[in-house]
Structure formats: C-alpha cells, structure tokens
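The structure appears below as structure tokens.
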Amino acid sequence: MLSLLVAGGAISAWLWLTDQRLAAIWVNGTFDLLAAAWLAMGLWRWRSHPVAGRIGVVVAGTATAALLCNIFIVFERNALTITTVGVWAMSIGFYLALQLARRLLSGGWPVLGVARTLLDEAVRLKAVAVLLVMLFILVPCIPLLIDPTERLTYRVQQFLTYSLIGITTLLSLLTIVVAVTTITRELEQRQIFLTMSKPVSRGQYLLGKWLGMAVLNALLVAVCGVAIYTFTMLLAQQPATMPEDARELHEQVLVARQVVSPRPQDPAQLSQAFSERLATLRQQEPQLYGQPGEAESALRNEARDAIQKQVITAWFAVSPRSSQTYVFRGLTPARQNAQTVQFRLKPKSAGVPKEDVVYLALRFNNRNDRVMTRKIGDGKYHVIEVPTELIDDKGDLSIEIYNPPREQIDGGSATTINFNTTDGLQLLYRVDSFEANLTRAMILLWLRLCFLGMLALATGTFLGFPVAALLATLICVAASGSSFLNQSLSDYAAFPKATVPLWDRLMFIPRGFIDFLQKGEFWNAFKLIVALIGSSFMKLVPGFSEFSPTQSIAYGLHLPFHLVGRAALWLGVIWTGATGIVAWLIFRARELARVQV
Amino acid sequence: MPQNNPTTDTIIKCADLTKVFKDFWLRNRVVAVDHIDLEVNRGEVFGLLGPNGSGKSTTIKMILGLLHPTSGRIAVFGRHPREVSIKQDIGYLPEESYLYQFLNAQETLEYYGRLFHQNRAQRRRRIEQLLHWVGLEHVARRPVGEYSKGMARRIGLAQALINDPQLLILDEPTSGLDPIGTRQIKDLISELAQRGKTVLLCSHLLADVEDVCHRVAIMFGGKVRKEGTVDQLLVRQDMTTIQTSTLEPAVVQEIEQVLARHGRAIERVDSPRQKLEQLFLDIVHQAQSEGATFSGARSGGKLAEFLTASAAHMPEDVSAQELIDQLTTPAGSKARQRPLPGSPAHGRPDSQSPARTEPGSVNPVPAPGKQQPPAAEPDLDANLEQLDRLMAEMGVSQKKPDARTTIERELAHQPPEEVVRSDQVELPDWAKSPRSESEQPHKQEQVDRSLLDSLLKSDKEKRKDKGE
C-alpha cells in the first residue's frame, strides 16, 4: 500500500513539476483510492483477527464521520459538521481508551480477570450501547440546542449546566444498569457457578466487578470531560453580543473563583442581636420562649434555631436610610495575586420597586473617598469589580451598604432591601483556572459513580434485576437531592433535632402519634409516620449534594482540593467501603445455586 | 474394564451429608440429599448415578461450595469445600455450559485462565492446545452465544481443563454432545484416570458410566442405594463368552459335543451386533473421507447437514498438513509416539487384532441354541485349550477378519469381562483408543493425544519448576 502511495505521489509530483497539474491531481487521486481500497479489502479479509478488527472499527467510524462531514460542508451546515466531528472524536477516543484499559487489565490475576470481563460485558450490552450512543451524541448536540441570540456568558453557562447534568444522569444510569445486570444475570444464568468453582474468593469477585465499573466510568468521565472542555472553548469563541459579555464570560464563568462570605464587623454583634430578640420574644410569648431573665441555655433547640434564623435574616437586610457593614476576611491571597475582586450581590426589595431596580450606595473600608452608587435590577445578580488595593494589610475588606431613601432619587417609597442569606452577598476572586476546576469536577463525578457502582452491586447480591435497579436508582436520586429532601422532610412534619436526648427522640414518634390520634388529627398522625420512614431512609443515604459540581462549574466557583479530598474520603472510602462490606457479607453467606429437585 | 488400582488417598469425603430445602416459612420442603456418605479416592473415576432429581447435582454443588449442607461434613482435598485454595486443583463442567454469551471462545478461556493466575504466555499456549483439542479453533473468534449446544459443551470442557485439574467434576458431561464428542469425553476420562487424576462423574446415562467408571454409587431419593466397583456390581460370575470368526453349524455341533463331555451346553450362538454408537462413528468417518475427495458434492442429506454444522468442531476436519505442523511444534514434539496404554473401554489389546467390520456385512447368523443342565466340575483350562485346538483343526482362524460368532457358555471362574468386551466391533482407527494396536494409526488420534500430553505435562513441569 505504501508503495502505491509513494508511486502515485512520485508520478503526480513529476507531472506537477512538468506543469500537467490536472493530470497530477487525477493520478494522485486514483492511486490514493487504490490504496484505500486495498486497505479496506485487507481489513475485510482479516476482520476476524482482533487487531485488524479493531483497526477496521476505527477506519469504518472515521470514514463514516468523514462522509457525513463532507455532506454537511457541501450544504454549509458548519454546526452539524462540528457536532459530527465531536461525536466521532468521543466515540473513537472512548474506543481507543477502552482497548488500552483492556490491555491494562489483562494480567493473570482473578480480580483483573473479573474486571476485564466486566468491561467486555459492559460494552457489549445492548442497554449500555444505547446509553453510550446517547452520551456521545448528547454533549456535541447541546450547542445546537442553545439559542444563539442569547448572551454568550449565558450560552456557555447553559451548555455547562446541561452537559454536566446530562452526563451525570446518563453515567449514573449506565453504572446502575451495568452493575446490577452483571451480577443478577450471572446469578440467574449461572455463569457464577463456573467462576466460583475457580480459585476466586467472593470478595475478589465483587472487588473485580467494582474495579471494572470504576475503570469504565473513569474512561467515560475522561472522554466526557475532554468533550465538555473542547465544546466550551468552541462556544467561547463565538461572537459575543457585546464587549462586556465576552469579558464577563472569562471573568465569571471560565475561571475558578474562591467565595468569601460576609462577617459582621463586631463578632459580638449577632449574639447581642440574638439576646435582644430573645428578650422581646420572651415578653411576647413566654410559654414558647421561657420567662424573661431565664438562662439562654434553657431555650429549646427549635426556638433557638428560629431566633438565629431571624437574626441572620435581619442582618442581611438594609432598611431605608440606614446602612449595614459587611466584612470579608482572609483576602490576602487575592490581594497578592489579582488586580480586582468581584463583589457579587443580589438585592431583593421588600416592596415592588419602580422599573424593577433598586439603588444602593457602597462605601469601602469606611473611606469616604471610596463611595459608589449603583442602580441594580431587583432580584438579579450583579457584579461589582473592586480593586484589590482596597484590601487592608490584614486581608480584610469591609463594605458598607447604604439604602438611600427612594424619594431622594426618584421619589419612590422607601423599602427594605434584603439579601439572600446563602449567596446574596459574596466576594469572589480568581484562584485557579477553568481547566483545573473542570478536572476536579470530573473527579467528583467519578467518585460519585464509584460509590454508585458498589451500591448497585450490593443491591444485586440479594435482589433480582428489576428490584435491585429500582432500589439503586431510588437511593441515587435520594442521595443527589439529599439536601432538598432533608429540608422538605423537616418542613413536612416536625421532628426532634439530634441534640434532644435519645430517649425523647425515640418516644417522640409514638407520643406524637397518640397525641394526634387523641385529638382526631389523623392526617397529622399519618404525616408523622411518613416523616419517620422518610427520615430513617435519608439517614441511610449518603449526601451527594455537597459534592455536586454542576453549579460551581457553571458559575465559575472554585472547587477546592479539600472538597475533592472529602469526597474521596466519604464517597470513595467510607460509603463505598461500607456498602462493599455489606455486599460482601451478604454475598459470602448466600448460596449461589438454587434448589432443583 | 478399568484396570488401574486407585490409591486409597481420599480426595472427596462426604460424611452424613444432608441437604434439606426449606420454603419461605422455613418449613422443610424437600430432602434433596439424605444422610449420604461418599468417598472418592485419588486416581479413581467415580460415577454418581441416578434418575433426574435424585440429588446428584445437589451433592456436586455442595462439594463445590455452591450450596451449603444442612448437616454433615464435606472435605475436598481434606479442606472445607468453600476454601478458595482447593479450587486451584478442581475442574468443573456443570450440567449445562454456563458461558458468557458475549465472549468468544478465545476470550472465555482467557478469562478462566486469568482466574488461575496464569500469565499471558501460559494462557496462550494452553488455550491454543485446548481449542485444538476440542476442535473449536476455527470458530474461536465467534461469540459463544452463537454456538450450538455441543460446541458450548466443548468450550465448557476446555475451561474445566484449563488448570490441569487433579480433580475433575463432570455433571452430565455427554449431554448435548454428538456420539463423536461423547466418545472423546469418555476417552478423555479414561486418559485422565490413567494419569492419576480423579474424576467425579455424575450422569443418568448408564452406558457412559459403565464404560469409564471404576466405582459407582447409585442414588435415588437423596440416598445412596448401592455403591461399589463396576466389577462388583455388573460382572456375571457364572458366565463365559468365547468369541471367534463365523462357525459352520457342524463345527458348532462338534464344539457342543466337547462341552457336553464337561457337562456344559451352549446356551446361545449368534453373530455379535455392532453397537449403534460404533455404527454411527463408522458412517460419519466414511462420509467425511468421501466428502474430502468429492468436495462440494455434500448437499442436503441429514448426515451431510450434521457434518456441515459440526464440521468446524470436529477434530477430524483438521487437514493433514495442519496436523503435521502441529506434530512438529515443540508442544507436539513432547508427545509420546509409542502406542499409549489404552483406555479400558476398548477391550484387551492383545486378544484380538482389529477386524474392520463393514456396517453392511453384519449378517446375524442364527444358530440353534440348546440348553442343558450344568453338570460336574470341569477342568476349565483344558476345556478352553481343547476348543482352541478344535477350531484350529477345522481351519477357523481367530485372525480372519470376516465375521464372528459368539458362543456363550456357562463356564465358571473365568475372568470373563475381557472376552465379553471384545465382542464389540472394532473401532475405526480414528476413533480408537491409543492402546489398541491399530494397523493404521490415525494421525488425528496421535495429535489429540500429543496435545493432551503436552497440555497436562506442560503444567506439571511448570509446577515442578515452581517447586524447585
């Protein structure tokens, strides 16, 4: 083949040099075609040989993609061309990585043997093939679905959010399907008889299956991560709607920013506010909050929580004609490394402001020469760039927010301005690159899938396919929405906090239940039981919410290494290990064969 | 009949073994295995016989640790059956080949090889030899899910042998196999026994068990009803069979007179019938050799169909050149070229020279049988010598390979089984066990044997190397 190419090249070069250009192109093309045909024939002839088979798959995939691309180029559908190239690159990348992984797992060890067979099984399962196709089409197709007239920043954020949610869902599903199928099917179709009559312990078997899942997920997460990065960069190169838009994208999305939350200037300020509030409440409702003058420690926990919440909400509110000072500490790294820090705020007017805007005046570090006024959309995020030179030597930056009376500006009525207590007021500064942040996000995703793989294997050890898959999915969904679910449960029916003595907590349910029944409030009694079941279930479910990277990536927030470390410890070691031990204990004790008499 | 003496080293010991299956409410539902005691010794082919549902498979699964006994004890190589280390020396062929449908033959064997800590080179060599031996090398890259039952069975057998097991546990090994495969398995079992391996065979096909087993236990309803060596259970101690080429009625009468002098009578005179198995093997072999000469002419017919379907998995399909190549490979060169000690299934090698009986030429010659009451104690050796001499006088040579007549007589105290065995029609060369002195030793046979040899040997050597 090489000689064909060389000969063709030489003849065409000679023709080219002798000014017979058209003939040169023809000759070269013909020889190239001949060489390609020869290669194709060879691959077809030796297709049963594994190496030729693999090359054949790559060549066939590439040829198909090239054909599609040519069609799209002819019809000037550039977006589709890019999508096709993306699908091709992801598929081929995964295929090559898979071959590499199979090679790595080809050692003569039982665990590796089981892991490698799991890989083979996984990629040859029909359900998995469908999920893989969806996965490889999903990421390249999302850019096509995003409205190109939107702001560029918003488009990139949308892409990042959708693609991360998409791959998280698909990969979770894939993990559950593969892990549950592999173990339940082997038990049902009895391939396990053969494996277990070889020198493989049951623990090694489970470990091998899990390892296979972990490797498969690592490959897929890596391929998806590279694809997301590439498409994000492609999207970022699209024309922005306005110059600020492009700047915003690079400063607020394609970065990794550290978040600093505000603190009161005087640490005693909040506890003082707490005491004051408590005193007021005790005068109003002594039966709930105790008699005035009683010790604060005698307060019931629920009451304490409620008051704390009120105090903090009050601190995040600025009433008209007054100001509130917020101090951001620990900004020394920002002062050293960055030009500006971003002050991100989301004001929400208590009333309905005119034109949906609120006015604020800001004063930095109590310096009257550093004052600015801003007109900000009500209930919208707004970012103010603050030069780092304003940060003092201790690394502190204090920002005083003044709520000017409306009549002073446009004659409107005065309203209080509130800030969301979680992310209404934040100071952000760049600490790392988008690439590194995305890598950490992918590691978080992988750790989560590792746990999920073990969970699905564990359910498969004692349940049949449908029930095991459902249970694993249920736990996965509950774990993903753990913070939301816990919140809803505690809102749904009152439930004692962990600080209450154990006995009271245990007795709370029956006591409350009987109380409700005696009062004839059957619905409340029922709710109590639902809450009991729900919260017991949630106690057993690990929280994924904390380790979910989607929001952070879409908003350019830093995912610190200690978060990854914590995820590795909790998801990767503790939860996976505990689930694995449970799975092993069940699997070790059970009889693998069934009664047949 | 098996000749070798198993040593008394116990490989499997079941004591008071019971398995009761309980239902959801933990009530006893079925007693699958009911207080059985079994002992399988080293080098022995032990047959577990019984109808469907008699507890054979349950017993085997308990021996493998797949089921836990309700009560009683099991020791395999003196250890608990669920200990992982003992599995190193066990090969197991389940009642059906439970294979991963998505792997091909090569990958399947690779997988099981990995489980035995075999490195790449070891696996490659063994798998190549095993695939050749079971005749699946041509379809090694096809997914196992596409295999016919017999082909899957062959892969199952190959995986059971991947570690050169000391103990081979075969659950219904011949189910789903064509007669050629069945014969191959029986030969294999005998061969393994010759090499000192232990085989636990579980079957309800009586002929299989009878052909290869040293000892059998017959199970019914979860209990062992009868146990003992095949000789003890099957040999009729009160009969003698003499086999010779076809006799004229006059000769028979003359023999009868001789016997009458010793107070015996001929009970039955007839021509031996060929076993159907043998007939089948003959026909297949003939058709194959014709198929080779008239290539492409095979069409349609039932036999041809079978051949095309199984051509790929028949060792006979291997071309001569390939065989020679195989023989000259280092692995093949280790093979013993001398005729191996034969499998017990094929009779005494020195008693008869092979006489090929064409299937068409089997014409039963009915002869009048007379019955007389047994008389006084005879001089048996003299009796037989006289018979021999008589036949020689009448010009009937035992060596003449035309047809044969069997004479059954009541002759006591003669080890009769070899004579009984020899009434089988000779095997065609290619299907013959190596011990029989075939006139044209078939190449395929030698290849298989040499392969098996190197397969078993290479691992042994490896282990020896490890030990030293």
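The values are calculated or read from the model by the stated rules, or taken from the named source; none is laboratory data. This one's a predicted model, so the numbers in the text were calculated from it and none came from an experiment. Glycine also receives a Cβ, built like all others from the backbone with ideal geometry; neighbour counts cover every protein chain displayed.
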inquiry  = Of everything in segment A:553-597, what is within 14 Å of chain B (Cβ to nearest Cβ), outside any helix (DSSP H, G or I) and either buried (at least 20 other Cβ atoms within 10 Å of the Cβ) or hydrophobic (A, V, I, L, M, F, W, C) (or both)? Give them in sequence order.
reply    = A:Leu592, A:Ala593, A:Val595, A:Val597
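Table: residues versus (1) at pLDDT below 90; (2) outside the structural domain of B:Asp187 (by TED's automatic domain parsing); (3) touching a helix residue (DSSP H, G or I) at 6+ places or on another chain (Cβ under 6 Å).
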residue	(1), (2), (3)
B:Asn4	yes, yes, no
B:Phe24	yes, no, no
B:Asn28	yes, no, no
B:Leu38	no, no, no
B:Val45	no, no, yes
B:Gly53	yes, no, no
B:His68	no, no, no
B:Arg82	yes, no, no
B:Lys87	no, no, no
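Answer with yes or no whether B:Arg124 is surrounded by fewer than 19 Cβ atoms within 10 Å (Cβ to Cβ), free of Cβ contacts under 8 Å to residues at least 12 places away in the same chain and within 14 Å of chain A (Cβ to nearest Cβ).
yes
So that you can scan it fast, the table gives a plain yes or no per residue for (1) of a type outside the set (A, V, I, L, M, F, W, C); (2) more than 23 Å from A:Gln551 (Cα to Cα); (3) within 14 Å of another protein chain (Cβ to nearest Cβ); (4) in contact (Cβ under 8 Å) with a residue 24 or more places away in the chain:
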| residue | (1), (2), (3), (4) |
| --- | --- |
| A:Thr153 | yes, no, no, yes |
| A:Leu164 | no, no, no, yes |
| A:Leu173 | no, no, no, yes |
| A:Val178 | no, yes, yes, yes |
| A:Gln189 | yes, yes, yes, no |
ask   = Name the strands (runs of 3 or more DSSP E) wholly within segment A:303-399 that hold at least 3 residues that are on the phi > 0 side of the Ramachandran plot and hydrophobic (A, V, I, L, M, F, W, C)?
value = none
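Listed here are the residues, each with its yes/no results for (1) more than 14 Å from chain B (Cβ to nearest Cβ); (2) exposed (fewer than 15 other Cβ atoms within 10 Å of the Cβ); (3) in a helix (DSSP H, G or I); (4) within 47 Å of the chain's Cα centre (by Cα).
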| position | (1), (2), (3), (4) |
| --- | --- |
| A:Leu22 | yes, yes, yes, no |
| A:Trp26 | yes, yes, yes, no |
| A:Phe31 | yes, no, yes, no |
| A:Ala35 | yes, no, yes, no |
| A:Leu39 | yes, no, yes, yes |
| A:Leu43 | yes, no, yes, yes |
| A:Ser48 | no, yes, no, yes |
| A:Gly53 | no, yes, yes, yes |
| A:Ala63 | yes, yes, yes, yes |
query = Which of the following residues is among the small types (Gly, Ala, Ser), more than 8 Å from chain A (Cβ to nearest Cβ) and surrounded by 24 or more Cβ atoms within 10 Å (Cβ to Cβ): B:Gly78, B:Gly72, B:Gly91, B:Gly43?
reply = B:Gly91
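Would you point out which residue out of A:Leu288, A:Leu281, A:Leu362, A:Leu299 is in the same structural domain as A:Pro404 (by TED's automatic domain parsing), under 19 Å from A:Val383 (Cα atoms) and hydrophobic (A, V, I, L, M, F, W, C)?
Details: A:Leu288 fails: under 19 Å from A:Val383 (Cα atoms); A:Leu281 fails: under 19 Å from A:Val383 (Cα atoms); A:Leu299 fails: under 19 Å from A:Val383 (Cα atoms).
None of the others qualify; the one that does is A:Leu362.
Yes or no, residue by residue, for (1) in contact with a helix residue (DSSP H, G or I) (Cβ under 7 Å, 6 or more places away or on another chain); (2) within 11 Å of chain B (Cβ to nearest Cβ); (3) closer than 15 Å to A:Ala227 by Cα:
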site	(1), (2), (3)
A:Met90	yes, no, yes
A:Gly93	yes, no, yes
A:Ala97	yes, no, yes
A:Leu100	no, no, no
A:Leu104	no, no, no
A:Arg116	yes, yes, no
A:Glu121	yes, yes, no
A:Leu125	yes, yes, no
query = If you scan segment B:129-152, which residues turn out to be more than 8 Å from every other protein chain (Cβ to nearest Cβ) and without any contact (Cβ under 8 Å) to a residue 60 or more places away in the chain?
reply = B:Leu131, B:Glu137, B:Ala140, B:Arg142, B:Pro143, B:Val144, B:Gly145, B:Glu146, B:Tyr147, B:Lys149, B:Ala152
inquiry  = Scan segment B:107-121 and tell me whether some residue there is among the aliphatic types (A, V, I, L, M), within 9 Å of chain A (Cβ to nearest Cβ), closer than 18 Å to A:Gly113 by Cα and without any contact (Cβ under 8 Å) to a residue 24 or more places away in the chain.
reply    = yes
Subset of segment B:94-106 (residues that are touching a helix residue (DSSP H, G or I) at 6+ places or on another chain (Cβ under 7 Å) and either within 11 Å of chain A (Cβ to nearest Cβ) or surrounded by fewer than 19 Cβ atoms within 10 Å (Cβ to Cβ) (or both)) = B:Pro94, B:Glu95, B:Ser97, B:Tyr98, B:Leu99, B:Tyr100, B:Gln101, B:Phe102, B:Leu103, B:Asn104, B:Gln106
query = For segment B:122-145, how many residues meet the condition of being modelled with pLDDT of 85 or more, farther than 20 Å from B:Tyr98 by Cα and over 23 Å from the mean Cα position of the chain (by Cα)?
reply = 4
task = Run down B:Thr182, B:Thr246 and say which single residue is surrounded by fewer than 19 Cβ atoms within 10 Å (Cβ to Cβ), more than 14 Å from chain A (Cβ to nearest Cβ) and modelled with pLDDT of 80 or more.
result = B:Thr246
message = Consider segment A:529-580. How many of its residues are at pLDDT 90 or above, in contact with a Phe, Trp or Tyr (Cβ under 7 Å, 6 or more places away or on another chain) and either over 23 Å from A:Gly453 (Cβ atoms) or of a type in the set (Lys, Arg) (or both)?
response = 0
query = Looking only at residues in segment B:18-46 that are without any contact (Cβ under 8 Å) to a residue 24 or more places away in the chain and of a type in the set (Lys, Arg), which one is nearest to B:Phe220 (Cα to Cα)?
reply = B:Arg29
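Among B:Arg79, B:Arg42, which is the only one that is under 26 Å from B:Gln194 (Cα atoms) and more than 28 Å from the chain's Cα centre (by Cα)? Write out each step before concluding.
Values: B:Arg42 fails: more than 28 Å from the chain's Cα centre (by Cα).
Result of the check over B:Arg79, B:Arg42: B:Arg79.
If I filter segment A:194-217 for residues that are in contact with a strand residue (DSSP E or B) (Cβ under 6 Å, 6 or more places away or on another chain) and within 11 Å of chain B (Cβ to nearest Cβ), do I get at least one hit?
Within segment A:194-217, one or more residues are in contact with a strand residue (DSSP E or B) (Cβ under 6 Å, 6 or more places away or on another chain) and within 11 Å of chain B (Cβ to nearest Cβ).
Would you confirm whether or not segment A:279-286 contains a residue that is touching a strand residue (DSSP E or B) at 6+ places or on another chain (Cβ under 9 Å) and buried (at least 17 other Cβ atoms within 10 Å of the Cβ)?
Taking segment A:279-286 as the starting set, the residues that turn out to be touching a strand residue (DSSP E or B) at 6+ places or on another chain (Cβ under 9 Å) are none.
Looking through segment A:279-286, none of the residues is touching a strand residue (DSSP E or B) at 6+ places or on another chain (Cβ under 9 Å) and buried (at least 17 other Cβ atoms within 10 Å of the Cβ).
Do the conditions hold for B:Leu192, that is, is it within 15 Å of the chain's Cα centre (by Cα) and more than 30 Å from B:Val20 (Cα to Cα)? Please lay out each step first, then the result.
On the way: within 15 Å of the chain's Cα centre (by Cα): yes; more than 30 Å from B:Val20 (Cα to Cα): yes.
Against the criterion (within 15 Å of the chain's Cα centre (by Cα) and more than 30 Å from B:Val20 (Cα to Cα)), B:Leu192 qualifies.
Any residue that is charged (D, E, K, R), farther than 30 Å from A:Thr388 by Cβ and assigned to a helix (DSSP H, G or I) - is there at least one of those in segment A:280-289?
Here is the first cut: in segment A:280-289, the residues charged (D, E, K, R) are A:282, A:285.
Those still in the list that are farther than 30 Å from A:Thr388 by Cβ too: A:282, A:285.
Keeping just the survivors that are assigned to a helix (DSSP H, G or I) gives A:282.
So far as segment A:280-289 goes, yes, one or more of its residues are charged (D, E, K, R), farther than 30 Å from A:Thr388 by Cβ and assigned to a helix (DSSP H, G or I).
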inquiry  = Going by what's in this entry, would A:Glu435 be described as modelled with pLDDT of 90 or more and either assigned to a helix (DSSP H, G or I) or surrounded by 17 or more Cβ atoms within 10 Å (Cβ to Cβ) (or both)?
reply    = yes
ask   = Somewhere in segment A:222-236, is a residue surrounded by fewer than 21 Cβ atoms within 10 Å (Cβ to Cβ), at pLDDT 90 or above and of a type in the set (Phe, Trp, Tyr)?
value = yes
